[in-house]
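First up is the structure itself, then whatever we jot down about it.
Just so you know, all these numbers are worked out from the coordinates, no wet-lab data involved. Fair warning: this is a prediction, and the values are worked out from it, not measured in the lab. Cβ coordinates were reconstructed from backbone atoms using ideal geometry, including for glycine residues, and neighbour counts include every protein chain displayed.
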Amino acid sequence: TFVVTEACIKCRYTDCVEVCPVDCFHAGPNFLVIDPDECIDCTLCEPECPVEAIYPEDDLPDGQEGFIEINAELSRIWPVITEMEAAPADADEWADKTGKAELLER
Ligand code: SF4
Ligand code: F3S
């Protein structure tokens with residue numbers, strides 16, 4: 001399965017959602033997650049993300065392992081998103097920031 005990691009937080013560009021053939025992205029206030037039970041590992045979303053937030057679960061950057069459970073948990077709560085939405089007005093300012101995990105809104 002593929003996993004959305006910290007880089008997405010406060011960027012939320014949503015380029016990823018329209019390519020998913022099984023509609024497994026779910027949207028929260030400032031972050032998106034992938035439903036691990038629905039993802040078919042097609043790989044199409046990974047190159048769509050401008051901030052490279054999406055990785056296969058077995059090839060996550062160091063420190064991002066906690067996002068496996070965050071994707072699983074929040075995909076059960078948040079609604080499905082299949083169409084692009086406008087990114088936050090200040091998304092570009094957050095694009096190369098790290099340490100955003102605590103800014104995740106649920
Ligand atoms: Fe959807 Fe494919 Fe990305 Fe999985 S890898 S979330 S199926 S686009
Ligand atoms: Fe997030 Fe990248 Fe998608 S910033 S919403 S994972 S395009």
Some residue of segment 30-40 being farther than 12 Å from Phe2 by Cβ, within 14 Å of the chain's Cα centre (by Cα) and in a loop (DSSP other than H, G, I, E, B): yes
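Among what's in segment 15-27 and is surrounded by fewer than 20 Cβ atoms within 10 Å (Cβ to Cβ) and more than 7 Å from ligand 1 (Cβ to nearest atom), pick the residue that is nearest to Glu73 (Cα to Cα).
Residues of segment 15-27 surrounded by fewer than 20 Cβ atoms within 10 Å (Cβ to Cβ): 15, 18-19, 21-23, 27.
If we keep only those that are more than 7 Å from ligand 1 (Cβ to nearest atom) too, we end up with 15, 18, 23, 27.
Working: Asp15: 22, Glu18: 22, Asp23: 17, Ala27: 12 Å.
Filtering segment 15-27 for residues that are surrounded by fewer than 20 Cβ atoms within 10 Å (Cβ to Cβ) and more than 7 Å from ligand 1 (Cβ to nearest atom), the one nearest to Glu73 (Cα to Cα) comes out as Ala27.
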Test set (1) more than 10 Å from ligand 1 (Cβ to nearest atom); (2) part of a helix (DSSP H, G or I); (3) closer than 20 Å to Asp15 by Cβ - Asp58 fails condition number: (3)
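Please work out which residue is nearest to Cys16 (Cα to Cα), limiting yourself to segment 61-92 and to residues that are of a type in the set (A, V, I, L, M) and in a helix (DSSP H, G or I).
Restricting attention to segment 61-92, the residues satisfying the condition of being of a type in the set (A, V, I, L, M) are 68, 70, 72, 74, 77, 80-81, 84, 86-87, 89, 91.
Subsequent filtering for residues that are in a helix (DSSP H, G or I) retains 68, 70, 72, 74, 91.
Numbers: Ile68: 17, Ile70: 18, Ala72: 17, Leu74: 17, Ala91: 15 Å.
It comes out as Ala91.
Please go through segment 1-22 and pick out each residue that is within 14 Å of ligand 2 (Cβ to nearest atom) and assigned to a loop (DSSP other than H, G, I, E, B). Spell out the reasoning first.
At the first step, the residues of segment 1-22 found to be within 14 Å of ligand 2 (Cβ to nearest atom) are 2-20.
The answer is Thr5, Ile9, Lys10, Cys11, Arg12, Tyr13, Thr14, Asp15, Cys16, Cys20.
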